[in-house]
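Structure, as structure tokens:
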Amino acid sequence: MESMTEPTPVGAAEAPPPSPDVPAIALEGVAKTYRSGREEVRAVSRIDLEIAQGEFFSLLGPSGCGKTTTMRMVAGFEDPTEGTVRLKGADVTRVAPDRRDVNMVFQSYALFPHMTVFDNIAFGLRRKGTPADEIRRRVGEMLELVELSGRERTKPGRMSGGQQQRVALARALVNRPSALLLDEPLGALDLKLRQSMQMELKRIQRDVGITFVYVTHDQGEALTMSDRIAVMNNGSVEQLGGPRQIYERPASRFVAGFIGTSNLLSGSVADASGGLVTFPAGDGGAVCATAEAAVGATVEVTVRPEKIALHTARPDGAGTRSRVPGTVREVVYLGASTHYTVALEGGGPGGGSAAPELTVYTQNAAGTDDGPVRGDRVWLEWSPEHSYVLPA
Amino acid sequence: MTDERRPRLAARAAPYLLVAPAWLWLALFFVVPIATILSMSLMSGNLYEGYSLTWEFGNYAAAIGTYWEQIGRSLVYGACATVLCILIGYPCAYWIAFRGGAYKNAYLLLLLLPMFVSFVLRTISWKAFLADEGVILGTLKGIGLLPEDAYVLNSAVAVVFGLAYNFLPFMVLPIYAVLERMDHRVVEAARDLYAGPVRAFTRVVLPMSLPGVFAGVIMTFIPTSADYVNATVLGGAHNTMVGKVIESQYLVNNAYPMAASITFVLMAVLLVGIFSYARALGTERVMEASAR
Ligand SMILES: Nc1ncnc2c1ncn2[C@@H]1O[C@H](COP(=O)(O)OP(=O)(O)OP(=O)(O)O)[C@@H](O)[C@H]1O
Ligand SMILES: [Mg+2]
């Protein structure tokens, strides 16, 4: 039970039982403009987002696109210039951070250096007036969850980056908030620890069933962990969808370029029939895509590197597959796979522009001999459904 | 064997050689004067017949017996001025560090500006400031808020205020240094974890800034309790501090051994005070208690 002196935070689970389809977090036309002197920075422009309860939601985007600002408006550290922030349906736009039922895991952890691990984790519970024995029990459970049992008397300064990260996570999770906000929590860790912490975070999120809002600029991280991703650019959401959708059906050139390595090809449609369009590419090659477009229209397609097959001679067969000739510029052997960079011949379809280069990933299955080497002429081939036409 | 050892010896000696100038400096300007005063404090004689080291421990008994009142008063005034400095200086440092924005350095300069004026002159200007019919008292009396015979000058209050005024920057600067370096996200984390502004301050900002307060207390308490200018200029005849006693024993009475032993008594008292203060405040237990 909460003590009487500390009122229940807005949006807390103890409030009227929320129906499961009320979004844990809703942003309605939220915008933020930073003003300093005469200078104005539009950090976030009119974002609309609904994040479902129990969802692992990622905000993904390049540096400076407004991810942290969005997160800080949900936590209550920044006042939105426009719009409404809702937690479980309740308007919290003007509610102070200590009265909001969300907790934040800071990129720099922001642990209290003068307190032990135990006191760090117990901080939120003590502020809410939780009885001492319950605090002891819940902090103990949390330490077990993040595998730090026995370290409660340690000061954060004497722990490794990964351990501090887990303390920061436990300190937020122990309060059982309706949503946990994580701002690039793995940013400071090395690759190996990062990967194991990704698994760990995902496991914890499944175990406790709390909504996670995860900020990252690492697209691999977002793709592996999220239920849904919002790709942000310049303060607005470019695309909202599941990892697969975002990866395979990017809504814009920006998303296609930002998520994974993508190959962009464009040209004017030479043939359109039966839901297939074809345009020339390279020297005597052609790109086929499943799309509706008029002959003569300019289309732009993306192809993922792993969808492309590499041949040393012109592949034969029906004309519904994309076939493009090129010269190998770069071969990167990575053990399980090899990455090729292939320059198209004939100046590319764009006319004046430099010859486009395509990236191709091939799996190194057992028994295959050495593939093409630098300077070899090759043919690239892929099926039309993998030529994803970008919306104009 | 020796071939291998020689470079290692040089490598081991290098740090000592590097700090040698610092040690020499300390020896010359700290150890030598202290040793001189210590031996002086155990001498007997007078200016005309000369002084000789006779291990005259009675000097100490005489110093304490005669001047315990001034020593005690100095410590009390120093402590009051230090507390006043914390009460004024902490909010000041906090405001500059957290709210100063782009003008932090300008505010610090404003704080330090009085230091460009001679210490004695500043104190004398307070004399005019606090005079019975001066800016403050005169005005207050004029509008009837104070009785006509009210005074501040030549009282303990004037001395403590003068001391606090003169040494305020020594309190503000170390606290500012700690607050300025503090990661603001730690404060946000406290707010995020259901602490209101007051709790965030008492549980996080204040305990984290204690090292700065500690440094500030040392930097104000020691010089304020040893100061004699403020007591002389603002305190009048009844509020003599030990610094004044030492000065007149040295320069007026030429009673060097007595002056030296008072100096040592004061030093000993301050050292004991600082060490017990450090033990009380510096231990982790106090910090942990504040975490609750
Ligand atoms: N306090 C502030 N005052 C002024 N401008 C700010 C402030 N905070 C952020 N900005 C600006 O707002 C924009 C978005 O910043 P934000 O920190 O949200 O980006 P981000 O997506 O989190 O980037 P990163 O991946 O580098 O952390 C940037 O152009 C930034 O310069
Ligand atoms: Mg950021």
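Descriptive notes on the structure:
- Rg over Rh for the range B:58-290 works out to 1.04, both radii taken from alpha-carbon positions and Rh defined as the Kirkwood radius.
- Stokes-Einstein diffusion of the range A:263-389 at 10 °C, 1.306 mPa s viscosity, Kirkwood radius from Cα pairs, rounded to a whole number: 108 µm²/s.
- Net charge in the neighbourhood of B:Leu112 (other residues with Cβ under 14 Å of its Cβ; Lys, Arg +1, Asp, Glu -1) is +2.
- The protein assembly as shown - mean residue ellipticity at 222 nm from DSSP helices (-39,500 (n - 2.57) per run, n ≥ 4, rounded to 500): -14000 deg cm²/dmol
- Chain A: projected area of the alpha-carbon convex hull, averaged over directions, in nm²: 25.2 nm²
- The range B:40-183 - charge dipole about Cα centre, Lys and Arg +1 at Cβ, Asp and Glu -1, debye rounded to 20: 540 debye
- Residues whose amide H comes within less than 5 Å of that of A:Glu78, counting only those at least five positions distant or on another chain, are A:Met73 (H built at 1.01 Å from N in the peptide plane).
- Close amide-amide hydrogen proximity is noted between A:Ser236 and A:Ser45, each under 5 Å apart and 5 or more residues distant or on a separate chain (H modeled in the peptide plane; Pro and chain starts excluded).
- Each of A:Met232, B:Gly100, B:Phe161 was scored by the projection of its Cα onto the charge dipole of the protein assembly as shown, and the greatest displacement toward the positive side belongs to B:Phe161; charges sit on the C-beta of Lys, Arg, Asp and Glu.
- Extension reserve of the B:Ala11-B:Phe98 stretch, reckoned as 0.36 nm per residue once the Cα distance is removed: 26.7 nm
- Dipole of chain A [Lys/Arg +1, Asp/Glu -1 at C-beta], most positive-end residue of A:Leu27, A:Gln219, A:Leu264: A:Leu27
- Rounded to the nearest angstrom and listed largest first, the equivalent-ellipsoid semi-axes of the range B:91-178 from its Cα gyration tensor are 31, 15, 12.
- For A:Ala179, residues with placed amide H under 5 Å, excluding near neighbours: A:Asn103
- The range A:159-292 - percent relative contact order, Cα under 8 Å, separation 6 or more: 13 percent
- Overall, chain B carries a charge dipole of about 980 debye about its Cα centre when +1 sits on the Cβ of Lys and Arg and -1 on the Cβ of Asp and Glu, all other atoms neutral.
- Crossing angle, helix A:132-145 versus chain A [Cα axis fit, 0-90 degrees, rounded to tens]: 20 degrees
- Label zone (A:Asp376, point 7 Å along Cα-to-C-beta; backbone nitrogen cut-off 20 Å) within the range A:321-338: A:323-338.
- Here the dipole of the protein assembly as shown is about 1060 debye; that uses its Cα centre as origin and unit charges on the Cβ of Lys and Arg (positive) and Asp and Glu (negative).
- Spin-label pair B:Val83-A:Glu330: with each label point 7 Å from Cα along the Cα-Cβ axis, the two points sit 7.1 nm from one another.
- Calculated FRET efficiency, A:Ala96 to B:Phe119, Cβ-Cβ distance, R0 = 45 Å: about 0.45 to the nearest 0.05.
- For chain A, relative contact order (Cα pairs under 8 Å, six or more residues apart, normalised by length) works out to 15 percent.
- Here each label is just a point 7 Å from Cα along the line to Cβ, and for B:Ser44 and A:Thr33 those points are 8.7 nm apart.
- Cα gyration tensor category, rounded, prolate or oblate, for the range B:1-118 with a/c compared to 1.5: oblate
- The range B:114-215 - percent relative contact order, Cα under 8 Å, separation 6 or more: 22 percent
- Here the Karplus curve 6.51 cos²θ - 1.76 cosθ + 1.60, taken at θ = phi - 60°, turns the phi angles of the range A:162-172 into couplings of x, 5, 4, 4, 6, 5, 4, 5, 5, 4, 7 Hz, with x standing for Gly and Pro.
- Listed residues A:Val92, A:Ala309, A:Ala343: farthest to the positive end of the dipole of chain A (Cβ charges): A:Val92
- Of the GluC sites (Glu not before Pro) in the range B:105-192, those whose Cβ has at most 16 other Cβ within 10 Å and which sit in DSSP loop: B:Glu133, B:Glu148
- Nitroxide proxy distance, nm - points 7 Å out along Cα→Cβ at B:Leu112 and A:Val295: 8.0 nm
- The loop-placed trypsin sites (Lys or Arg not before Pro) in the range A:58-127, going by DSSP, that have at most 12 neighbouring Cβ atoms within 10 Å of their Cβ come out as A:Arg94.
- Modelled FRET efficiency - R0 22 Å, A:Asp21 with A:Asp207, Cβ distances, 0.05 increments: 0.45
- Counting Cβ atoms of other protein chains within 10 Å of each Cβ in B:200-212 and taking the mean gives 2.
- Kirkwood Rh (inverse of mean 1/r, distinct Cα pairs), the protein assembly as shown, angstrom: 32.1 Å
- Relative packing of B:51-62, A:251-262, which averages over residues the other C-beta atoms within 10 Å, highest first: A:251-262, B:51-62
A short reminder: the numbers here are calculations on the coordinates, not readings from a lab. Since the model is a prediction, treat every value here as computed from it, not as a measurement. Don't worry about glycine lacking a Cβ; one is built from the backbone with ideal geometry, like all the others, and counts go over all protein chains shown.
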